[in-house]
Amino acid sequence: DDLWGVGGEQRPGIVHRLDRGTTGLLVVAKHDRAHRHLADQFARHVAGRIYLALCHGGPSVDAGTIEGQLARHPRVRVRMTSVPSGGRRAVTHWRLLARAEAVSLLQCQLETGRTHQVRVHLSEQGWPLLGDGLYGRPGAKVPGLSRGLISAAGERPMLHAWQLGLTHPTTGARLRFVAPIPDDLSAALSALGIVPPQPDAALGIVPPQPDAALG
């Protein structure tokens, strides 16, 4: 179908965003009715989203929630930052999946979907993403075992939009999708001795099927 103009001419068909350099699932609508229905799910925070994040350092406990308000950084306009008031509510639920050589692999479930949300939340906890030049820790080096597998230029944060749950705009069926872990992240995990995680069966996540087109 011709997507020009669906959801607006600036981003035809695109329902939500991924940060530059982030891999994984992106939703595109085929017509305006589907676009409105899907966009409303994201606006009401009922579209389930799970990310994988490979970060420096890591938490001392197995799971937690980061909640606050995010706004544009007052001096560095390309960045977002947490503010005490006047921002937009942002909530990230995280779970520790693995540790290796001063890095951690986290599963992050988004309750909200703000610009740079996972990157800001993890960085402000002291766990910036590997490969993230915008929110990375100054002087932080890529672990030796994965050196050469992660961009030293900081243009590719190790963040992957892994699992997604949506309600089909026409049938009302609940659909869930999984994006395979990309080669660079998979290679880094392998080098660090981290076994790639499997989707949580309790979430009912299944690979997308040909008849599951949104629209």
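The values are calculated or read from the model by the stated rules, or taken from the named source; none is laboratory data. From a predicted model like this one, the values you see are computed outputs, not experimental measurements. Virtual Cβ from ideal backbone geometry, glycine too; neighbours counted across all protein chains shown. For the accessible areas, the whole protein counts, side chains as well, though only heavy atoms, and no ligand, DNA or RNA atoms are used. Shrake-Rupley method; radii C 1.70, N 1.55, O 1.52, S 1.80 Å.
Quick check: pseudo-label points 7 Å beyond the Cα along Cα→Cβ at residue 102 and residue 61, how many nm apart are they?
Modelled inter-label distance: 2.6 nm.
Okay, which of the stretch 36-66 sit inside 18 Å, backbone N to the point 7 Å along the Cα-Cβ direction of residue 125?
Within reach of a label on residue 125: 49-66.
Mind grabbing the accessible area of residue 124 for me, 1.4 Å probe, Å², rounded to tens?
Its heavy atoms expose roughly 90 Å² to the probe.
Can you work out the PRE-style zone for residue 40? Point 7 Å along Cα to Cβ, and I want the residues of the stretch 159-177 with backbone N under 15 Å.
167-173
Which length gain, in nm to one decimal place, applies between residue 183 and residue 111 when the Cα-Cα distance is subtracted from 0.36 nm times their residue separation? All intermediate terms of the calculation are to be shown ahead of the outcome.
Values: separation 72, 0.36 × 72 = 25.92 nm, distance 2.72 nm.
Between residue 183 and residue 111, full extension yields an extra 23.2 nm.
Classify the stretch 1-137 as rounded, prolate or oblate from the Cα gyration tensor: take a ≥ b ≥ c as the square roots of its eigenvalues, call it rounded if a/c is under 1.5, otherwise prolate when a/b beats b/c and oblate if not. It would help to have the intermediate numbers written out before the result.
Numbers: a/c = 1.97, a/b = 1.70, b/c = 1.16.
Prolate, because a/c is 1.5 or more and a/b exceeds b/c.
Assigning unit charges at the beta carbon (Lys, Arg +1; Asp, Glu -1) and nothing else, what dipole magnitude in debye, to the nearest 20, does the stretch 86-142 show about its Cα centre?
Magnitude of the dipole: close to 100 debye.
Please work out the FRET efficiency for the pair residue 198 and residue 89, using the Cβ-Cβ distance as r and a Förster radius of 25 Å; give the result to the nearest 0.05.
Result of the calculation: an efficiency of 0.20.
Of all the Cα-Cα pairs you can form in the stretch 14-73, what percent are over 13 Å apart? All intermediate terms of the calculation are to be shown ahead of the outcome.
Values: 1340 of 1770 pairs.
The calculated P(r) of the stretch 14-73 puts 76 percent of pairs beyond 13 Å.
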